[in-house]
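Only one structure is covered here, and it is reproduced in the block below.
The values are calculated or read from the model by the stated rules, or taken from the named source; none is laboratory data. Values in this document were obtained by computation on a predicted structure and should not be read as measured data. For neighbour counting, all protein chains shown are included, and Cβ atoms are generated from backbone atoms with ideal geometry for every residue, glycine included. Please note that ligands, DNA and RNA were not included when accessible areas were found on the heavy atoms of the full protein model with its side chains. Shrake-Rupley method; radii C 1.70, N 1.55, O 1.52, S 1.80 Å.
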Amino acid sequence: MKKLLFTAAIAVLGFTSANAQDDTNNTTGGFAQGDIFLSGTVGFGNETTGDVKSNVFTIAPKAGYFVSDNIAVGVKLGYTSWKGDNDGTDTMDANEFAGGAFGRYYISPASQFSLFAELGVDYTSTDDKLNDIKSDGVSAGFAPGISYFVSDKFAIEASFGILGYSTEKADFDGAESTDNFNFGLNFSNISFGIVYNL
């Protein structure tokens, strides 16, 4: 599938709700065992080269639960749509659905500022409508991040992927898998979120 050379994210939004067991110790925000959080991302990017235009839209909600003061586990869903045209003629029309699980380990989660490391695994199903090709894949990734509560209710969160592996195979006889392994800081994989703590 064609990859976009340039993708500009105009919105990456996370919403988190946490119900602390002891609100008296939660004066600057933060998380504790038993908290539940909801978050997600929304992104849009486009590329124009001459008469060729490409657009990508992504939405990916996730939910997690703190099984201990430092460890959270959860599930996530995702939908991505790619569309492109060359002077009115379709060059790309595909979508991808994803579902997976993740785990996070937090350093000082109950404080105003905390660090976390996230490990996630996803299953993806892609439908290339223009070429009538469907494919399935599995991916895994590691992403460190930071969370900072600017008040009792609001926090800013950022994470970036530095290690990832994915494999994808088309759903027809004789198809070969495409395997990717990535390591290193890629600034296009940085996501920012606004966290709201109820």
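Loop-resident trypsin sites (Lys or Arg not before Pro) (DSSP state other than H, G, I, E or B) in segment 134-184 with no more than 12 further Cβ atoms inside 10 Å of their Cβ: K153.
Rounded, prolate or oblate: which one fits segment 58-142, using the alpha carbon gyration tensor with axes a ≥ b ≥ c (rounded when a/c is under 1.5, else prolate when a/b beats b/c, else oblate)? Here segment 58-142 falls in the prolate category. Extension gain for the segment N180 to I162, taken as residue separation times 0.36 nm less the Cα-Cα distance, is 5.1 nm to one decimal. Taking every protein chain into account, the accessible area of segment 49-141 amounts to 51 square angstrom per residue (probe 1.4 Å). Within straight-line reach of K169, meaning a Cα separation under 20 Å, sit the following aspartates and glutamates at least 8 residues removed in sequence or on another chain: D93, E96, D122, D127, D128, D132, D136, D179. Computed over the Cα atoms of segment 107-148, the ratio of the radius of gyration to the Kirkwood radius (Rg/Rh) comes to 1.32.
Here the accessible area of segment 82-140 is 56 percent carbon and sulfur, with a 1.4 angstrom probe and all protein chains present. About its Cα centre, the dipole of segment 67-150 is roughly 520 debye, where the only charges are +1 on Lys and Arg Cβ and -1 on Asp and Glu Cβ. Computing FRET efficiency as 1/(1 + (r/R0)^6) for L115 and K169, where r is the C-beta to C-beta distance and R0 is 35 Å, gives about 0.45. Modelled spin labels at V75 and A101, positioned 7 Å past Cα toward Cβ, are 1.1 nm from each other.
The chymotrypsin sites (Phe, Trp or Tyr not before Pro) found in segment 122-175 that occupy coil by DSSP, while having at most 15 further C-beta atoms within 10 Å, are F172.
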